[in-house]
Amino acid sequence: MQSPNRDFIHVRSERATATTATFMSKVYLWMVAGIFISGLTAFYVAATPTLITAMIQNKGMFIGLLIAQFAAVIALSAAVQYMSVLVAAAVYIFYAVLVGATFSTLFLVYSMASLSLAFFTTSFAFVGLSAIGFLTKRDLGPVGSFCTIGLFGAIGLIIVGFFVPSMMTNAMQLTISAMCIIIFAGLTAYDTQKIKALQYQFANDDDASKGAIHGALILYLDFINLFLNILRFMGNRR
């Protein structure tokens with residue numbers, strides 16, 4: 001005969017598991033929605049001559065879109081707790097549209113076969129890596145710290161390459177892409193584990209919904225960066 005305490009702990013554990021599953025399903029749904037919106041936007045802009053021409057010829061417009069993306073990420077990351085669920089969702093969707101608009105130029109650089117292969121490779125890799133972060137009992141904090149340091153190193157190389165273009169040979173670019181694939185692979189697993197733990201910080205459903213949107217943004221960023229670097233590493237340019 002089980003003791004009342006064991007029954008209580010068992011019920012509490014089941015409730016916690018159900019809460020985690022519900023929260024993470026919302027995170028993944030928002031993330032997939034963002035990827036779908038970005039993909040649809042990219043395809044629409046690439047298929048519309050006036051829009052894609054404006055993207056290519058108007059550098060000010062392209063830079064403006066990039067700045068707006070950074071602003072949306074910073075706003076959602078720093079102030080999501082002060083937003084309503086509707087505003088947080090709107091900012092997230094707006095960001096996904098902006099990313100899709102800038103990604104439209106990839107259709108001019110890479111073949112459709114390369115884009116498709118990179119997307120499906122990224123998708124399969126992301127599912128496996130995120131599953132590791134979700135299921136493992138091991139603390140992935142050291143992995144996150146290592147990958148974050150590596151990310152700063154990769155960014156440093158890119159900045160140096162901007163001022164010294166001669167160092168950005170094809171071999172160097174492939175090396176940086178390979179580094180970034182490893183970095184964002186680790187961050188995907190780490191961020192999944194970190195987001196999974198976030199659910200315990202929310203006091204009500206609205207806070208949980210905003211947390212799910214914020215978590216989706218983090219995983220969305222991991223996904224698109226993994227996609228871009230896989231595409232650069234294995235894609236065939238036109």
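The values are calculated or read from the model by the stated rules, or taken from the named source; none is laboratory data. Note that this is a predicted model, so its numbers are computed, not measured. Positions of Cβ are backbone-derived with ideal geometry, glycine not excepted, and every protein chain shown enters the neighbour counts.
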Ala154: surrounded by 12 or more Cβ atoms within 10 Å (Cβ to Cβ) and touching a helix residue (DSSP H, G or I) at 6+ places or on another chain (Cβ under 7 Å), yes or no? yes
List the pairs whose first member sits in segment 112-132 and is under 16 Å from Met31 (Cβ atoms), whose second member is among the aromatic types (Phe, Trp, Tyr) and surrounded by 18 or more Cβ atoms within 10 Å (Cβ to Cβ), and whose Cβ atoms are under 6 Å apart, counting only residues at least 6 apart or on separate chains? Thr122/Phe227; Phe126/Phe223
What are the pairs, 6+ residues apart or on separate chains, where a residue within segment 176-191 that is in contact (Cβ under 8 Å) with a residue 24 or more places away in the chain and among the hydrophobic types (A, V, I, L, M, F, W, C) has its Cβ under 8 Å from a residue that is surrounded by fewer than 21 Cβ atoms within 10 Å (Cβ to Cβ) and outside any helix (DSSP H, G or I)? Ala189/Thr136; Ala189/Leu140
Candidates Ala197, Ala125, Ala171, Ala189, filtered to the one that is modelled with pLDDT of 95 or more, over 24 Å from Gly100 (Cα atoms), small (Gly, Ala, Ser) and in a helix (DSSP H, G or I): Ala189
Within segment 44-77, count every residue that is free of Cβ contacts under 8 Å to residues at least 24 places away in the same chain and over 15 Å from Leu108 (Cα atoms). 11
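Restrict the check to segment 41-58 and report whether at least one residue is outside any loop (DSSP other than H, G, I, E, B) and within 30 Å of Leu198 (Cβ to Cβ). Outline the logic, then answer.
Pass one, segment 41-58, residues outside any loop (DSSP other than H, G, I, E, B): 41-47, 49-57.
Checking the rest, the ones that are also within 30 Å of Leu198 (Cβ to Cβ) come to 41-42.
Yes, because at least one residue in segment 41-58 is outside any loop (DSSP other than H, G, I, E, B) and within 30 Å of Leu198 (Cβ to Cβ).
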